[in-house]
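What follows is calculated from the coordinates using simple rules that are stated; it is not laboratory data. Note that the structure is predicted; figures quoted are calculated from it, not measured. Backbone-built Cβ (ideal geometry, glycine too); neighbour counts: all protein chains shown.
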Amino acid sequence: MSTVPTTQAPVPPKPVRKPSIDPEAAQKLEKSLAQRPDKHELIERNILKEMEAHAHVFPARVDDSVAPSLQAAKEKLQRSQLEDKLEHALQARPKPEELVKGGILKETDAPPA
């Protein structure tokens, strides 16, 4: 049994990585983050929308599971749906003539046709 000596290549030293941000900038960032207002203050200043405040009007707004990048699209869709619903309701309402015939509106109060 003969053993063949194995020669291993020397492991090169790992290069020293410089931080991607200098310590002064990191300290400035930490200070800014520490002074950042909390969520409640941002809601009071109307920077963030308070979802729970509108829960009785827009129940879907309570959902915080939507990513922030999609919240604007979600709100735009909800507004569009509300506009469509209002437009449909306005088109379905009775005409002034029908209200006069039903005794709901006086003829003097009816707008001109």
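Given R0 = 30 Å, the distance between the Cβ atoms of LYS14 and VAL66 translates into a calculated FRET efficiency of 0.10.
The modelled label-to-label distance for the pair ALA73/GLU98, using points 7 Å beyond Cα in the direction of Cβ, is 3.9 nm. Extension gain, LYS85 to GLU107: 0.36 nm times the residue separation minus the Cα-Cα distance gives 5.0 nm. Lysine pairs in the stretch 68-113 whose alpha-carbon atoms fall under 25 angstrom of each other, counting only those eight or more residues apart or on distinct chains, come to 4.
Over the Cα atoms of the stretch 68-113, the radius of gyration divided by the Kirkwood radius equals 1.35; this is the Rg/Rh ratio. Using 0.36 nm per residue and subtracting the Cα-Cα separation, the extra length available between GLU41 and ASP22 on full extension is 3.7 nm.
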